[in-house]
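Participant: Let me begin by handing over the structure; questions about it come next.
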Amino acid sequence: MAREEFDHIVVGGGSAGCVAAARLVEEGRYQVLLLEGGHSNRHPLLDMPPGIFKMINGSKFMQYHTTVPQPHLAGRAHDIPQANVLGGGSSVNAQVYMRGRPSDYDAWDAMLRGNNDGADWSWPAVLKTFRAMENNNRFNDAHHGVGGKMSVSDPGHIDQTSRWFVQAVQALGEPFNPDFNGRSQRGVGFYQFMNRNGRRSSAAYAFLSPLENNPLLTVRLQARAERILIENGRAVGVAWRDRHGRPQRSYARGEVVVTAGALVTPKLLMLSGIGPADHLRQHGIDLIADAPGVGQNLIDHPEVPIIANFDGPYGYFGQGNGWRMLLNGLHFKIFGGGRILSAGVEAGAFVNPQDPTAEPTIQAFCVPIVYVDRDTASLVENTYGLTVTTVVVKPKSRGTVRLRSADPTAMPLVDPGLLKHPDDMASMVAGQRFFLRAFREEPLAAHIAKLAIPSPLDTSDEALEEHCRRFVKTNYHPASTARMGADGDPLAVLDARLRVRGIDGLWVADMSAVPDINAGNTNAPAMMLGSRCADFIMDS
Ligand SMILES: Cc1cc2nc3c(=O)[nH]c(=O)nc-3n(C[C@H](O)[C@H](O)[C@H](O)COP(=O)(O)OP(=O)(O)OC[C@H]3O[C@@H](n4cnc5c(N)ncnc54)[C@H](O)[C@@H]3O)c2cc1C
């Protein structure tokens, strides 16, 4: 049988992978294969903004990585859900549009400066890419664009409880911020979302759909990559299994780009012989490149809920089930609006409770339901309530992704270490204390029946720390497990142009690549990485 050959192969059709593949196809010269391990993204639940809350705790569109027991969390093992569908995180996420702040990218640039082979990661450079991808429905200015493929919109529906939250936080002295992606992050306000008119603007929908009939693009679904094929120091293809479990191989005349997400990309590199020599030896894998940084430096945003019960039927409790769901659907069909246009979170804030003059340390999400992780759901009554989650935006804790075995079907061992660093715990406790005060401010306070968690009876540091250990969860942003770095940086897996050091023709362009996590949600940054990787490949 003739061997299947393409110009470029992209492994993992997620936020970054869809953008990278689309941009390479749009160039008009390259035959591109996109291998996606998950399912098709054609499903109404994926389209509609609140669909995430129907999927998050059990769906074929998700893959659940259960962490190794966390000793600093009294042995808890919590889940990190990741996408298992074309579009990746952008097909299942809460669609909050955030990019982080200029200092995030300027710090990456400083880390790589003098050693960046012309790759400029400073804020003005990445902002160009963000603006080029964006089609904003409110802003068109130095921070935002209107000509891009990804729709960014104001919330389609705002619940009154979200408005109460925004007003209560203003009563604490925080400014109303009309644009968290604008001049400053600080303050409280309403997020913008990656959707338009009730339709999710995933990377698959925005970037791949327009190329559906383009003969230069081949998309394989339920095509699970097992390893990168490397010959004489060059990536030449990918070994993968099709939906029937049959082994397949595809070859690249040009480049192989790995974008399988921050928990799977390091696993694929290690299975391919690229990783920490000792660890690969331990699993009997032939070493091709000793890369100690592969699977190290895992960063994620830790999130801890504050939950209060309302004194009446406020918020979204029950709105996604039974007759209420039908009514909401009908409302949308007849009047074209209503709750179905809400992603389930509308308002948020960025604050620094320890030093209000410095950059924010905490991001908050206001979720008008009782919202906790699967492993803690039984600890809180599911009824009418408001959850305010506090997230440490620049965590210092670091974790690892390691191989469980050399079997490609085995899930990796994920040790995220959320809140392991004492500074992260101190920030989190300060954030909890700050937002607990919001529940005592009007107009929110008038509608609160009781605080469910943390216990209002003891808000000492010790009690809040205990609450954080019990309820901390992922904000779904694993990152930095195969990161860029300068020459001589022992954890630098990639150079500044996203190329895997020591192997020709191999690139990593997903959230694994970032030198440090951005302050805020990570979907737009992942898409920016995919886009820039395509630029680098076309330049090379
Ligand atoms: C539940 C949830 C809510 C979130 N909410 C937000 C939000 O509101 N706003 C925001 O900005 N960010 C949010 N995020 C985070 C954001 O979506 C991710 O950071 C982003 O999608 C990561 O992009 P990526 O390209 O690095 O990886 P992914 O998008 O995860 O892409 C990886 C892709 O690789 C595929 N894959 C995995 N293994 C293999 C294999 N062996 N072979 C082939 N393919 C494989 C996966 O199926 C997936 O499609 C959320 C994430 C989740 C999971």
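The values are calculated or read from the model by the stated rules, or taken from the named source; none is laboratory data. None of the values given here were measured: they were computed from a predicted structure. FYI the Cβ positions are ideal-geometry reconstructions off the backbone, even for glycines, and counts take in every protein chain you see. Quick note on the areas: whole protein, heavy atoms, side chains included, nothing else; ligands and nucleic acids left out. Shrake-Rupley method; radii C 1.70, N 1.55, O 1.52, S 1.80 Å.
Participant: Listed highest first by mean packing, meaning other Cβ atoms within 10 Å per residue, what order do 456-462, 10-16, 83-89, 303-309 come in?
Facilitator: Per-residue mean Cβ counts within 10 Å order the peptides as 10-16, 83-89, 303-309, 456-462.
Participant: Can I get the semi-axes of segment 180-220's equivalent ellipsoid? Compute them from the C-alpha gyration tensor as square roots of 5 times the eigenvalues, in angstrom, largest first.
Facilitator: 33, 12, 7
Participant: How high is the relative contact order of the chain, in percent, counting Cα pairs under 8 Å that sit 6 or more residues apart?
Facilitator: Answer for the chain is 23 percent.
Participant: Shifting gears a bit: Quick check: net charge around E359, other residues with Cβ under 11 Å of its Cβ, Lys/Arg +1 and Asp/Glu -1?
Facilitator: +1
Participant: Keeping every protein chain present and rolling a 1.4 Å probe, give me the accessible area per residue for the chain in Å².
Facilitator: That works out to 37 Å² per residue.
Participant: Let me ask something else about it. Quick one: how many Å² of Y205 are accessible to a 1.4 Å probe, rounded to 10?
Facilitator: 90 Å²
Participant: Using the alpha-carbon centroid of each, what span in Å lies between segment 455-503 and segment 199-221?
Facilitator: Going from one Cα centre to the other spans 31 Å.
Participant: Ranked from the most accessible area to the least, with a 1.4 Å probe and all protein chains present, what is the order of W323, W108, W123?
Facilitator: Ranked from most to least accessible, the order is W323, W123, W108.
Participant: Using Cα-only point scatterers and the Debye equation, what is log10 of I(q)/I(0) for segment 422-483 at each q in 0.12, 0.14, 0.16, 0.18 Å⁻¹, rounded to two decimals?
Facilitator: Per q value, in the given order, log10 I(q)/I(0) is -0.39, -0.51, -0.63, -0.75.
Participant: Out of the total accessible area of segment 1-50 (probe 1.4 Å, heavy atoms of protein only), what percent is carbon and sulfur?
Facilitator: 50 percent
Participant: Please report, in cubic angstrom per residue, the volume enclosed by the convex hull of the alpha-carbon atoms of the chain.
Facilitator: It is 146 Å³ per residue.
Participant: Here's a follow-up. For segment 18-132, what relative contact order do you get, as a whole percent, if you take Cα pairs closer than 8 Å and at least 6 residues apart?
Facilitator: Averaging sequence separation for qualifying contacts and normalising by length gives 20 percent for segment 18-132.
Participant: Okay, next question. Using a 1.4 Å probe and counting only protein heavy atoms, arrange K394, K54 so the residue with the most accessible area comes first.
Facilitator: Largest to smallest exposure gives the sequence K54, K394.
Participant: Okay, next question. Report in % the part of the accessible area of segment 346-456 that belongs to carbon and sulfur, leaving out ligands and nucleic acids; probe 1.4 Å.
Facilitator: 54 percent
Participant: If you don't mind, another one. Report the net charge of residues surrounding G38, where surrounding means a beta-carbon distance below 12 angstrom and charges are Lys +1, Arg +1, Asp -1, Glu -1.
Facilitator: Charge balance in the 12 Å sphere: +3.
Participant: Using helices alone, what [θ] at 222 nm do you get for the chain, with -39,500 (n - 2.57) per DSSP H run of 4 or more residues, divided over all residues and rounded to the nearest 500?
Facilitator: One gets -7000 deg cm²/dmol as the mean residue ellipticity at 222 nm.
Participant: While we're looking at this one, here's another question. Counting only pairs 8 or more places apart or on different chains, how many lysine pairs in the chain have C-alpha atoms closer than 30 Å?
Facilitator: Summing the qualifying lysine pairs gives 25.
Participant: What accessible surface, in Å², does a 1.4 Å probe find on S122, ignoring ligands, DNA and RNA and rounding to the nearest 10?
Facilitator: 20 Å²
Participant: In terms of solvent-accessible area of protein heavy atoms at a 1.4 angstrom probe, what is the ranking of F536, F335, highest value first?
Facilitator: The ordering from most to least exposed comes out as F335, F536.
Participant: So what is the relative contact order of segment 351-431, in percent, for Cα pairs below 8 Å that sit 6 or more residues apart?
Facilitator: For segment 351-431, the relative contact order is 29 percent.
Participant: A further question follows. Please state the charge dipole magnitude for segment 355-398, taken about the Cα centre, from unit charges on C-beta atoms (+1 on K and R, -1 on D and E), reported in debye and rounded to the nearest 20.
Facilitator: Charge dipole, segment 355-398, about its Cα centre: 200 debye, nearest 20.
Participant: Just to confirm a number: summing +1 for Lys and Arg and -1 for Asp and Glu over residues other than D242 whose beta-carbon lies under 13 angstrom from that of D242, what do you get?
Facilitator: Neighbour charge sum, excluding D242 itself: +3.
Participant: Hey, got the dipole for segment 207-262? About the Cα centre, +1 on K and R Cβ, -1 on D and E Cβ, debye to the nearest 20?
Facilitator: Charge dipole of segment 207-262: 220 debye, to the nearest 20.
Participant: Mind checking the dipole of the chain: about its Cα centre, +1 per Lys or Arg Cβ, -1 per Asp or Glu Cβ, Debye to the nearest 20?
Facilitator: It works out to roughly 1280 debye.
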